[in-house]
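Read-outs throughout are calculated quantities, based only on the coordinates presented, and are distinct from any laboratory measurement. What you are looking at is a predicted structure, and each value in this text was computed from that prediction instead of being measured. Methodologically, a virtual Cβ is constructed for each residue, glycine included, from the backbone with ideal geometry; neighbour enumeration extends over all protein chains shown.
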Amino acid sequence: MKILELQTPDDFYKVLKRYIKINNLSYEELAFQIGISEQSLSYYLNRKRKMHFDTAVKLLQALNFDEFVLFLEAPKATTTQDK
């Protein structure tokens with residue numbers, strides 16, 4: 001079982017690109033598996049286009065990640081001071 005744990009959104013793209021390279025996967029084959037164009041996959045992985053959640057799930061499933069946990073940084077709280 002492969003588990004993907006991420007600390008920031010950037011980690012998602014870095015890990016996926018590294019995993020694709022290490023396993024000698026082509027963008028063409030991977031894109032076909034998840035039902036998108038090779039160009040779209042490239043745009044997503046190079047952050048030129050925002051990836052939809054369902055596309056991310058399909059991508060992780062195609063890469064055989066059984067479980068994944070995404071930890072996003074919480075937005076910084078703004079405080080207002082009483083005057």
Output for region 3-70 (equivalent-ellipsoid semi-axes, sqrt of 5λ from the C-alpha gyration tensor, Å, descending) is 17, 13, 12
Net length gained if the chain between GLN33 and TYR13 were fully extended (0.36 nm per residue, minus Cα distance): 5.4 nm
R0 = 25 Å: FRET efficiency of ILE22 with PHE53, Cβ-based, nearest 0.05? 0.50
Using the per-residue mean of other Cβ atoms lying within 10 Å as a proxy for protection, in what order, highest first, do the peptides 16-25, 35-44 fall? 35-44, 16-25
